[in-house]
Structures are given as C-alpha cells and as structure tokens.
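Worksheet: one structure, shown below.
Laboratory data are not the source of any read-out in this text; all were calculated from the coordinates shown. Please read all numbers here as calculations on a predicted model, not as lab measurements. Heads up, the Cβs are rebuilt from the backbone with ideal geometry, glycines too, and the neighbour counts pull from every protein chain shown.
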Amino acid sequence: CIFAPMNVEDISTVRSLLSKAQNIVVVPHKNPDGDAIGSCLGLYHFLKQKGLQVQVVAPNDYPRFLKWMPGNDTILNFEKENSQAVEALQKADLIFTLDFNHFSRTGQMENILKVSKADFIMIDHHQEPSGYARVTYSDVSMSSTCEMVYNFIEKIDHTAAITKDMATCLYTGIMTDTGSFKFSSTTSRTHRVVADLIDKGADNMLIHQKVFDTNSASRLHLLGVALKNMVILEEFHTAYTTLSQNELDAHDYKKGDTEGFVNYGLTIEGIKFAVIFIENREEEIIKISFRSVGSFSVNEFARTHFGGGGHTNAAGGKSELSMDETVSRFMALLPKYKKQLAV
Ligand code: 5GP
Ligand code: MN
C-alpha cells in the first residue's frame, strides 16, 4: 500500500477492484461531520452512476444540518439499523473508508471491519494512516476528504462525470472542513475545485444556508453558555471552555449543536490554542476538541495526552476523568508547552 497521493499503480488497482466488485460499502468515521458524510455521498453517487451496487453505512447518527444532502435517506445507521448494516458489511467485497485511517475511529463497527474479507480503499487526510487498505490514498496536505474524492474521480474517470448531486455533497464537505475556505489547508487548487463544483451545479449559497443558518434558539443559548464559561490563560496563549451534561440538558442538546464552538477561542487576539471540554454522561467521557493557529500541533497534543489525534491545527480526544479532574490535568500540562505556545 502507498502512503501518498495515488500513483499509476494505485489507479489500475482501483479500476480492477471496481470492475470485479459486486457489493461496495462506503464508511465514514464515528460522529461523522460534513466532510465525512459529504465524501461518502459524493462517492456513492459516482459509483452508482457507474452501475455499481453501493451502500453507505455510518457508524452512528449525525447532526440534522447534514441530513439534507442528496442520497442521505439511503444511509444505514450502524447503531439504529444494526442488523441491516451488519448484513451490508458482511456482504461487501469492497469497502471504502473515508475521512479516517484507523478502524478504531468507527466505534463498535471496528469488530466487523477487522474480520472482513473485503478489499479496502482508504481516502483520507489525517496523519499516520494504518495499513489495512489495498489502496491507501492518504494526503495530509489536503483540505478535506471531499477534495480528495474529487481528485479520485478525476483519476479514475473524468471530472465531466461529476453530477449536480456529487457536486453538492463534495462542496458541502470542502466548505465545512475548511471553515468556509479560511483554514490554512485551503489552497488555490481547493478554490479551483469548488469553482468547478459550482459550475457542475452545487448551489453554494443554498448549501451554506442549509448547514449554517438552521440553528435552533437553544443552540445559540448554549453557545452563550460556552462563551461565558471560557477561561483565558494569557500566559499560555490559550483559551478553554467547558460544557457539562447539565448545561447541555438545559438547552435541549442535539447531536452537532456544539460543532464549531471551540473555534471562538481562536478569535481572541493573541490566542493560539483553543479547547472545549464537553461532558458525555452516557459514554462516561469528557470529549475534547483542540484547535490551534500556527505551528503548535494539537494532533500531537491530543495523541500524547488524550488518546486522540487529527490534524496539526484541529484534533480531538477524550478523558475518562471527571470534568474538574480533566481540566486540572490539562492545565498541568501547559507549562511544558509554554515555549511552543509563545511563537
Ligand atoms: P472535532 O474536534 O471537530 O471532533 O475533530 C477535529 C479533528 O480531529 C477531526 O479531523 C477528527 O476526525 C479528529 N478527531 C476528533 N476526535 C478524535 C479522536 O478521538 N481520535 C482521533 N484519532 N481523531 C479525532
Ligand atoms: Mn475531513
């Protein structure tokens, strides 16, 4: 397998895998975001158009603001529709894993993927891919998995094959993963790709509205709580905030409601490192999101201290301690990083 952009050999392997595949399954990571769902559905429409049998299976549920994308109703939820999902996975002879690179990122689905006899194709932009795939299209410089699916279609077929439905899904994931085209991973090539997606029918204004302008009042009030709880640690150029389960419950919390909250810390002048700790009583964990600007690697921080990972400037992890203990642990780590956070 190749830990790099696809080469000629990969492309011919993909073509031969596609030509003999009877049942294809496409899988995003657990708690899928816009890029995960967008890339899976973009690829789904492409493979379907080629006359292939395809099923997207998501490890669990995802936010309502992603549930409007074309093809959404065909997605199986591994938690809610378990027997159908298991059957699809067991029948699969080819499995695409999109926007992640370790089976452990699929939660309970991991047990099935681990013993699967199917060939795997990975398309992903996270660091340190594991080696389970026949073809590993892994590129950490990419803005999004959706941009990679665009490249994949270009290599396997031709971008002329991209329909309005594909364009809509891929545009959505590029938009969400780049923070609406502002993160440092956004290149001129990214803009050329989204321009082409607009030409192919992606309604950019409508997509933005559907994702970002469908807030509930309670979500905005919850954002207010997160902003109020924010603690600024000037010495470490760090801002962190917390949301307890009680605070979530008091605001009619729905999956996805806290998406993007962590970024507000970075909008404070001089802040390089922003963190949000969110209590999840059901899973008995504190889920943590890390963001940075510049060279401080939150991927490494999350990997080393909180069993997680991600990208240099956006990563996640978790803690099994209480909220107070987790925050104390986090605070105790900062002095070690003071120099890195100063630049
Ligand atoms: P978020 O903070 O938005 O949940 O995730 C930010 C980035 O970190 C995403 O690319 C996501 O895939 C990755 N990420 C989030 N949580 C985890 C985790 O627990 N483990 C790993 N390896 N990556 C994570
Ligand atoms: Mn992504």
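Take peptides 107-119, 82-94 and line them up by average Cβ neighbours within 10 Å, highest first, as a rough protection proxy. Intermediate values should be presented prior to the final figure.
On the way: 107-119: 15.4, 82-94: 17.0.
The most tightly packed comes first, giving 82-94, 107-119.
Over the Cα atoms of the chain, what radius of gyration and what Dmax do you get, in Å?
My reading of the Cα-based Rg and Dmax gives 19.9, 59 Å.
Place a +1 charge on the Cβ of each Lys and Arg in region 243-343 and a -1 charge on the Cβ of each Asp and Glu, then give the dipole magnitude about the Cα centre in debye, rounded to the nearest 20. Intermediate values should be presented prior to the final figure.
Numbers: 12 positive and 14 negative charges, 140 e Å.
Dipole magnitude for region 243-343 comes out near 680 debye.
In sequence order, what are the phi-derived ³J(HN,Hα) couplings for region 132-138 according to the Karplus relation 6.51 cos²θ - 1.76 cosθ + 1.60 with θ = phi - 60°, rounded to whole Hz, with x for glycine and proline?
In residue order, the calculated couplings are 7, 9, 5, 10, 10, 9, 10 Hz.
Using the Karplus curve 6.51 cos²θ - 1.76 cosθ + 1.60 with θ = phi - 60°, work out ³J(HN,Hα) for each residue of region 41-53 in order, rounded to whole Hz, and write x for Gly and Pro.
6, x, 5, 3, 5, 5, 5, 4, 4, 7, x, 8, 8
Could you tell me how many degrees, from 0 to 90 and to the nearest 10, lie between the Cα long axis of helix 82-91 and the main elongation axis, the longest principal axis, of the Cα atoms of the chain?
50 degrees
Running Debye on region 76-221 with equal point scatterers at the Cα sites and no solvent, what base-10 log of I(q)/I(0) appears at q = 0.08, 0.10 Å⁻¹?
-0.27, -0.42
With everything on Cα atoms, drop me the angle between helix 323-333 and the longest principal axis of the chain, reported from 0 to 90° to the nearest 10.
The helix 323-333 is inclined about 90 degrees to the chain.
Could you sort the peptides 205-214, 140-149, 192-201 by per-residue average Cβ neighbour count (10 Å cutoff), highest mean leading? Each step should come with its number before you reach the end.
Values: 205-214: 13.8, 140-149: 25.7, 192-201: 17.3.
Listed from highest to lowest mean packing, they are 140-149, 192-201, 205-214.
Of HIS29, HIS305, how do they rank once you tally other Cβ atoms within 10 Å and put the fewest first?
On the way: HIS29 25, HIS305 16.
The most exposed by this proxy come first: HIS305, HIS29.
Distance in nm between label sites at GLN90 and LYS114, each 7 Å beyond Cα in the beta-carbon direction?
Between GLN90 and LYS114, the simple spin-label model gives 1.8 nm.
What net charge do the residues around ARG329 carry, taking every other residue with its C-beta under 13 Å from that of ARG329, with Lys and Arg at +1 and Asp and Glu at -1?
Values: positive: LYS318, LYS336; negative: GLU320, ASP324, GLU325.
Summing Lys/Arg as +1 and Asp/Glu as -1 gives -1.
If packing is taken as the average number of other Cβ atoms within 10 Å across a peptide's residues, how do 67-78, 253-264 rank, most packed first? Spell out each step's value before the answer.
Working: 67-78: 16.6, 253-264: 18.3.
Highest mean packing first, the order is 253-264, 67-78.
Could you give me the ³J(HN,Hα) list for region 67-78, computed from phi with Karplus coefficients 6.51, -1.76, 1.60 and θ = phi - 60°, whole Hz, x at Gly and Pro?
8, 9, 5, x, x, 3, 5, 8, 6, 8, 9, 4
By how many nm would the segment from LYS80 to SER188 lengthen if fully extended, with 0.36 nm per residue of separation less the alpha-carbon distance? Don't jump to the answer; show the numbers that get you there.
On the way: separation 108, 0.36 × 108 = 38.88 nm, distance 4.04 nm.
Between LYS80 and SER188, full extension yields an extra 34.8 nm.
Rounded to the nearest 10 degrees, what's the angle between the helix 164-177 long axis and the longest principal axis of the chain, both from Cα atoms, 0 to 90?
For 164-177 against the chain, the angle is about 30 degrees.
Spin-label point model (7 Å from Cα, Cβ direction): what's the LYS67 to ASN204 distance in nm?
Result for the modelled spin labels: 2.9 nm.
Rounded, prolate or oblate: which one fits region 142-271, using the alpha carbon gyration tensor with axes a ≥ b ≥ c (rounded when a/c is under 1.5, else prolate when a/b beats b/c, else oblate)?
Prolate, because a/c is 1.5 or more and a/b exceeds b/c.
Decide, for region 1-147, between rounded, prolate and oblate: order the square roots of the alpha carbon gyration tensor eigenvalues as a ≥ b ≥ c, take rounded if a/c falls under 1.5, and otherwise choose prolate if a/b is larger than b/c, else oblate.
Values: a/c = 1.34, a/b = 1.21, b/c = 1.11.
Rounded, because the longest to shortest axis ratio a/c is under 1.5.
Based solely on its DSSP helices, what 222 nm [θ] is calculated for the chain when runs of n ≥ 4 H residues each add -39,500 (n - 2.57) and the sum is averaged over all residues, nearest 500 deg cm²/dmol?
Details: 13 runs with 133 residues, N = 343.
So the calculated ellipticity at 222 nm is -11500 deg cm²/dmol.
Residues with beta-carbon under 11 Å from that of THR214, excluding THR214: net charge, scoring Lys, Arg +1 and Asp, Glu -1? Can you show the working numbers first?
Working: positive: ARG64, LYS67, LYS210, ARG219; negative: ASP213.
After counting each charged neighbour, the total is +3.
How big is Rg to Rh over region 217-342, alpha-carbon atoms, Rh as the Kirkwood inverse-mean-distance radius? Spell out each step's value before the answer.
Values: Rg = 13.7 Å, Rh = 14.5 Å.
Ratio of gyration radius to Kirkwood radius for region 217-342: 0.94.
Given Cβ point charges of +1 (Lys, Arg) and -1 (Asp, Glu) and nothing else, what value in debye, to the nearest 20, does the dipole of the chain about its Cα centre take? Write out the running numbers ahead of the final one.
On the way: 34 positive and 41 negative charges, 93 e Å.
It comes to approximately 440 debye.
Please work out the FRET efficiency for the pair ALA160 and ALA332, using the Cβ-Cβ distance as r and a Förster radius of 41 Å; give the result to the nearest 0.05. Intermediate values should be presented prior to the final figure.
Working: r = 56 Å, r/R0 = 1.36.
After rounding to 0.05, the efficiency reads 0.15.
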